[in-house]
Amino acid sequence: MVHLQDVRFDHDVIARWVPQGARVLDLGCGDGTLLRHLMTVRGVSGYGIERDTAHVVECIRNDVPVLQIDLEQGLAGFEDAQFDAVVMSQSLQAVRNTEGILAEMLRVGREAIVSFPNFGYWPHRDSLAEGHMPVSRSLPYQWYNTPNVRFFTMSDFEELCAQRGIVVRERFAFDEDREITIDPNNFASVAIYRLGRAAA
C-alpha cells in the first residue's frame, strides 16, 4: 500500500493543477503513488501507464487502474481529448521520443503536466566542471545505470515548447521543498510545467 511519507512534494503541486473529479492519464506511473494521491485528494478517475511488470503489479496492489504499455509506441489506443489532464512525473527524461510523447499528451488530454529534473541545477554544473556526471537527490543514478536518456534544462524545455507551439500555462520550480523564483534554471533541481495547446 502507499504510505503518506511516499507522496513527493511535486505530487502536491500537481494535485493543485488537476481539477476535482478529473479524468487523468498518468504516464510512466511507476507503482501508482501519484495517481493514488490524486484519487485520494482530488477524486480523479483514470489510468496509469507503465511498461515495467514489477511496477504494474505494485499498481494493482495499490488499487490503481493500470495498463501495461510502452510509451515509446505512442498513445494510439486513446481518443482525442479523452482526459482532462495527462501527467508525466519525473519520466520525460527517460523517453527517447520526447517530441512525440508531448504531442500525444496534448492530443489525448486537454492539458498536460510534466515534471523533470533540471540538468541546469548549479550543483550539476559543478559536478560536470569537476569532470563527473552529476548525482543528486533529483538525479540519484550513476552514469552507468541511469534510466535517463535525455539531459535537458528548464531553458531547453521552454525553447522546445516555443518551437512546437506548446503553451506554458504555469511553471513551478523548486529545490527540495522550497520554491525557486529567482533564476530557476540555475537554482532549481526540479521543474513542473502545466501545458496546453496553442489556440488555433
Among residues belonging to the range 145-200 that are outside any loop (DSSP other than H, G, I, E, B) and polar (S, T, N, Q), point out the one that is farthest from PRO117 (Cα to Cα). GLN163
Considering the range 1-21, residues that are in contact with a Phe, Trp or Tyr (Cβ under 8 Å, 6 or more places away or on another chain) and of a type outside the set (Val, Ile, Thr), and then whichever is modelled with the lowest pLDDT, we arrive at PHE9
Test of understanding: among GLY109, GLY77, GLY46, which residue is without any contact (Cβ under 8 Å) to a residue 60 or more places away in the chain, small (Gly, Ala, Ser) and open to solvent by less than 60 Å² (accessible area, probe 1.4 Å)? GLY46
Go through the range 31-43 residue by residue and tally those that are surrounded by fewer than 19 Cβ atoms within 10 Å (Cβ to Cβ) and among the small types (Gly, Ala, Ser). 1
Residue count, the range 163-200 (criterion: open to solvent by 80 Å² or more (accessible area, probe 1.4 Å), more than 16 Å from the chain's Cα centre (by Cα) and under 25 Å from PHE83 (Cβ atoms)): 5
Quick check on this structure: which one of THR98, THR53 is free of Cβ contacts under 8 Å to residues at least 24 places away in the same chain, open to solvent by 10 Å² or more (accessible area, probe 1.4 Å), closer than 21 Å to THR146 by Cα and of a type in the set (S, T, N, Q)? THR53
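Filter the range 128-137 down to residues that are among the small types (Gly, Ala, Ser) and either closer than 23 Å to GLU72 by Cβ or free of Cβ contacts under 8 Å to residues at least 40 places away in the same chain (or both) and give me whichever is most open to solvent (accessible area, probe 1.4 Å).
ALA129
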Wholly enclosed helices (runs of 4 or more DSSP H) of the range 19-127 bearing at least 2 residues farther than 17 Å from ARG8 by Cβ: 53-61, 98-108
Residue under evaluation GLN142, criteria (1) surrounded by fewer than 16 Cβ atoms within 10 Å (Cβ to Cβ); (2) not in a loop (DSSP other than H, G, I, E, B), criterion not met: (2)
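The values are calculated or read from the model by the stated rules, or taken from the named source; none is laboratory data. Since we're looking at a predicted model, the values are computed, not measured. For neighbour counting, all protein chains shown are included, and Cβ atoms are generated from backbone atoms with ideal geometry for every residue, glycine included. Protein only, heavy atoms only, side chains kept; ligands, DNA and RNA dropped before computing areas. Shrake-Rupley method; radii C 1.70, N 1.55, O 1.52, S 1.80 Å.
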